[in-house]
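Single-structure report; data block below.
The values are calculated or read from the model by the stated rules, or taken from the named source; none is laboratory data. It should be emphasised that the depicted structure is a prediction, and the values quoted were computed from it without experimental measurement. Counting neighbours? That spans all protein chains shown, and the Cβs are built from the backbone with ideal geometry, glycine included. For the accessible areas, the whole protein counts, side chains as well, though only heavy atoms, and no ligand, DNA or RNA atoms are used. Shrake-Rupley method; radii C 1.70, N 1.55, O 1.52, S 1.80 Å.
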Amino acid sequence: MRSHRFVLAPLAAAVLAGCSGPGGGDKYVLGLAAPLERSFGQNSKMGAQLAVDEINKAGGIDGHRLELLPRDDKGEGEAALVVAEEFYDNPAVLAVVGHANSDPLMDAASVYQRGLAAVGTSATSTEIAGLGEWIFRVASSDSANAAELARSAAGAGRRVAILYANDDYGQSLAEVFGQALENTGVTLVGRYPYMEDMKDFTPYIRALKARGAEVVLVAGLETGAATLIQQAHQLEWMPRFIGGDGLEPLAEMGARYNGTLVGVLYHPEMSPRARTFAEAFRAAYKREPDSSAATSYDAVQLIARALREGRASREGIRDYLAGVGREGGSARYDGVAGPVSFDANGDPVGKPVALVRIENGRFRLQQAAQVAAR
């Protein structure tokens, strides 16, 4: 989804003060880009800040404090470009945590390709792979997530429909989900695009209800999904709704979304490290962590590992990340959202995908699958 260009305030002079050394004197600065007015954007910031706080409490990195510089990219490409330019022009910023969404990361990639590593957090579009040597991500791609969702859809009904947000994330997830449905024995009864800010889904609902759709993939974010599901209930149509991690915020929006199946990048019961992170996040923020929180935490910790290895420059961080989990490089990073080993495209290899069911504000783990990242 695109909109008018946003103009963000320039960095305060204090941020730029004392930046003659890497990271700005006695601190290392990481930019963070996410839609900070949305629930998952707030969680992304909190997950990253938790990692920063833990690192600083343990003494920092070689005498340097780690500092987070958050910026709101609105979840849109034009704003993301402004944020990326701001980060690139600030010599104190050594690397970027984010963007959280696929469209902003893809639009901002041309700026980062000038020489600033960006570690995408919950951005999952298959088109991110191969954007350039300065672009990485810790989330598995839609091809991995969609394969698990397709298996779940086939197990929940024989007549399946796809509704997808008409943006990079929605198109990517819908495309690979449709491919994964092949040879499962299900019948695809409809495939329609929509806009996240649509107010009336009743034409889709009536058409799919008439076609006997039992399972509906909603390939988009919680905004459109919430309107769709609410209107479906009003018309007494209640198929099984499923979606990717973009639907995670539905858990906080009321009981009407109970039963929705969501493929997520993180769940507290995925591993002991995942449970430890969840406990720390709850203690710090009095709320449940989601995939955005966990992947942002991992992105900060991964960049911090590069800094501990003496790679305190933009080029050094990029070179370190490129070798994570690869022959001749550094060991894989065992994150709270699963292990990270980068392939040649900056994508993680073999990340787990968890299938959860929304139940009264929480995610009940259905199963976790270890799948290829692309």
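Given (1) modelled with pLDDT of 95 or more; (2) over 25 Å from A100 (Cβ atoms); (3) part of a helix (DSSP H, G or I); (4) not aliphatic (A, V, I, L, M), identify the lone condition not met by E279.
Checking E279 against (1) modelled with pLDDT of 95 or more; (2) over 25 Å from A100 (Cβ atoms); (3) part of a helix (DSSP H, G or I); (4) not aliphatic (A, V, I, L, M), the one that fails is (2).
Read through the list (1) part of a loop (DSSP other than H, G, I, E, B); (2) farther than 24 Å from N90 by Cα, then give the number of the only condition that R311 fails.
The number of the failed condition is (2).
Out of the residues in the stretch 308-357 meeting the condition of being among the β-branched types (V, I, T) and in contact with a strand residue (DSSP E or B) (Cβ under 9 Å, 6 or more places away or on another chain), tell me which one is nearest to I55 (Cα to Cα).
The selected residue is I317.
For the stretch 195-227, which positions are open to solvent by less than 50 Å² (accessible area, probe 1.4 Å), among the hydroxyl-bearing types (S, T, Y) and under 24 Å from S291 (Cβ atoms)?
T227
Can you tell me which residue is nearest to L188 (Cα to Cα) among those in the stretch 144-168 that are small (G, A, S) and crowded, with 23+ Cβ neighbours inside 10 Å?
A161
Is at least one residue of the stretch 60-73 surrounded by fewer than 18 Cβ atoms within 10 Å (Cβ to Cβ) and hydrophobic (A, V, I, L, M, F, W, C)?
There is at least one residue in the stretch 60-73 that is surrounded by fewer than 18 Cβ atoms within 10 Å (Cβ to Cβ) and hydrophobic (A, V, I, L, M, F, W, C).
Looking at (1) open to solvent by 30 Å² or more (accessible area, probe 1.4 Å); (2) of a type in the set (F, W, Y); (3) in contact with a Ser or Thr (Cβ under 8 Å, 6 or more places away or on another chain), which is the only condition Y320 fails?
(1)
Is it the case that some residue within the stretch 244-257 is touching a residue at least 40 places away in the same chain (Cβ under 8 Å), outside any helix (DSSP H, G or I) and on the phi < 0 side of the Ramachandran plot?
Within the stretch 244-257, one or more residues are touching a residue at least 40 places away in the same chain (Cβ under 8 Å), outside any helix (DSSP H, G or I) and on the phi < 0 side of the Ramachandran plot.
Surrounded by 16 or more Cβ atoms within 10 Å (Cβ to Cβ), free of Cβ contacts under 8 Å to residues at least 24 places away in the same chain and in a loop (DSSP other than H, G, I, E, B): does that describe P289?
no
Which residues, taken from the stretch 251-295, are of a type in the set (A, V, I, L, M, F, W, C), touching a helix residue (DSSP H, G or I) at 6+ places or on another chain (Cβ under 7 Å) and within 16 Å of V52 (Cα to Cα)?
The answer is F277, A280, F281, A284, A293, A294.
G23 passes all but one of (1) out of contact with any Lys or Arg (no Cβ under 8 Å at 6 or more places or on another chain); (2) more than 21 Å from E288 (Cβ to Cβ); (3) at pLDDT 95 or above; which number fails?
Failed condition: (3).
Looking at (1) open to solvent by less than 20 Å² (accessible area, probe 1.4 Å); (2) charged (D, E, K, R); (3) out of contact with any Pro (no Cβ under 8 Å at 6 or more places or on another chain), which is the one condition that is false for E182?
Failed condition: (1).
I'd like the full set of residues that are in a loop (DSSP other than H, G, I, E, B) and either without any contact (Cβ under 8 Å) to a residue 60 or more places away in the chain or under 19 Å from F136 (Cα atoms) (or both), limited to the stretch 77-101.
Across the stretch 77-101, the qualifying residues are G98, H99, A100, N101.
Check D245 against each of (1) open to solvent by less than 10 Å² (accessible area, probe 1.4 Å); (2) modelled with pLDDT under 95 and name the one condition it does not meet.
(1)
Select, from A165, A146, the only residue that is over 17 Å from V353 (Cα atoms) and out of contact with any Lys or Arg (no Cβ under 6 Å at 6 or more places or on another chain).
A165
Residues of the stretch 324-340 being closer than 17 Å to M270 by Cβ and in a loop (DSSP other than H, G, I, E, B), which ones?
Scanning the stretch 324-340 gives R332, V336, A337.
Among the residues of the stretch 300-325 satisfying the criterion of being among the basic types (K, R) and modelled with pLDDT of 95 or more, which is farthest from L68 (Cα to Cα)?
Ranking the qualifying residues of the stretch 300-325, first place goes to R318.
Given the structure, is A123 touching a Phe, Trp or Tyr at 6+ places or on another chain (Cβ under 9 Å), in contact (Cβ under 8 Å) with a residue 24 or more places away in the chain and within 20 Å of A344 (Cα to Cα)?
For A123, the condition - touching a Phe, Trp or Tyr at 6+ places or on another chain (Cβ under 9 Å), in contact (Cβ under 8 Å) with a residue 24 or more places away in the chain and within 20 Å of A344 (Cα to Cα) - is met.
Quick check: anything in the stretch 228-237 of a type in the set (G, A, S) and either open to solvent by 30 Å² or more (accessible area, probe 1.4 Å) or closer than 27 Å to S292 by Cβ (or both)?
Within the stretch 228-237, one or more residues are of a type in the set (G, A, S) and either open to solvent by 30 Å² or more (accessible area, probe 1.4 Å) or closer than 27 Å to S292 by Cβ (or both).
How many residues does the stretch 26-50 contain that are open to solvent by 40 Å² or more (accessible area, probe 1.4 Å) and modelled with pLDDT under 95?
Count: 2.
Does any residue of the stretch 110-130 turn out to be hydroxyl-bearing (S, T, Y), over 24 Å from A293 (Cβ atoms), open to solvent by 50 Å² or more (accessible area, probe 1.4 Å) and part of a helix (DSSP H, G or I)?
Yes - at least one qualifying residue is present in the stretch 110-130.
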